[in-house]
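Below you'll find the structure, written out as structure tokens, and then a few comments.
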Amino acid sequence: MLLEIDHHSGQPIYRQVIDQIRQQIMAGQLHESEQLITVRDLASQLRVNPMTISKAYALLEMEGLLERRRGIGLFVAKVKVDQKEQTKESILEDLLRQAAVIAVQFDIPKSKAMEMLAQLYEEYNLKSRDRKNV
């Protein structure tokens, strides 16, 4: 599990951990029944307080993305297809909202912003297909 923390972003560290783990689950990088790194080990790896990781894990567990197995650890839970789609769309909507705000602040016309999105989408979609065909 690869996480990157930005200590200068203004976003709380536990939120960064939650968002990145959620994104990895939704993208299939963390698979159902896969065990997560322990609180202590992840805290040490990220150089943060273990309570920060514990809070992030607890909130992900409440969200239904993680499940605790007593005496063993935390694992990626089975996520229902509709919950997975809803979560993916929510993550994307948040990111697109940020992009829309920046486009408006920079006075970039809607047509130009949409053109940029379409171009980037095609570029990454082609790369994704190329990786699958290798």
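The values are calculated or read from the model by the stated rules, or taken from the named source; none is laboratory data. These figures come from a predicted structure and were not determined experimentally. As a convention, Cβ positions derive from the backbone with ideal geometry for all residues, glycine included, and neighbour counts pool all protein chains shown. In case anyone asks, the SASA skips ligands and DNA or RNA and just uses the protein heavy atoms, side chains included. Shrake-Rupley method; radii C 1.70, N 1.55, O 1.52, S 1.80 Å.
Among residues of segment 44-61 that are under 17 Å from GLN23 (Cα atoms) and in contact (Cβ under 8 Å) with a residue 12 or more places away in the chain, those with a beta-carbon under 6 Å from a residue that is part of a helix (DSSP H, G or I) and among the hydroxyl-bearing types (Ser, Thr, Tyr) at least six positions away or on a different chain give the pairs ALA56/TYR14.
Which residues, taken from segment 51-109, are of a type in the set (Lys, Arg) and more than 29 Å from LEU120 (Cβ to Cβ)? LYS55, ARG68, ARG69, ARG70, LYS78, LYS80 - these are the residues of segment 51-109 that are of a type in the set (Lys, Arg) and more than 29 Å from LEU120 (Cβ to Cβ). Within segment 74-88, the set of residues being open to solvent by 60 Å² or more (accessible area, probe 1.4 Å) and polar (S, T, N, Q) comprises just one member, GLN86. When GLN119 is tested against (1) within 17 Å of ARG22 (Cα to Cα); (2) among the polar types (S, T, N, Q); (3) over 18 Å from the mean Cα position of the chain (by Cα), exactly one condition is not met: (1). Taking each residue of segment 75-102 that is in contact (Cβ under 8 Å) with a residue 60 or more places away in the chain and looking for partners that are β-branched (Val, Ile, Thr) with beta-carbon atoms closer than 8 Å, six or more apart or interchain, yields THR87/VAL79.
Here segment 22-73 is the region considered, the condition is being in a helix (DSSP H, G or I) and hydroxyl-bearing (Ser, Thr, Tyr), and the residue that is surrounded by the most Cβ atoms within 10 Å (Cβ to Cβ) is TYR57. Exactly one residue out of GLN45, GLN11, GLN23 is within 16 Å of ALA77 (Cα to Cα) and of a type outside the set (Val, Ile, Thr): that is GLN23.
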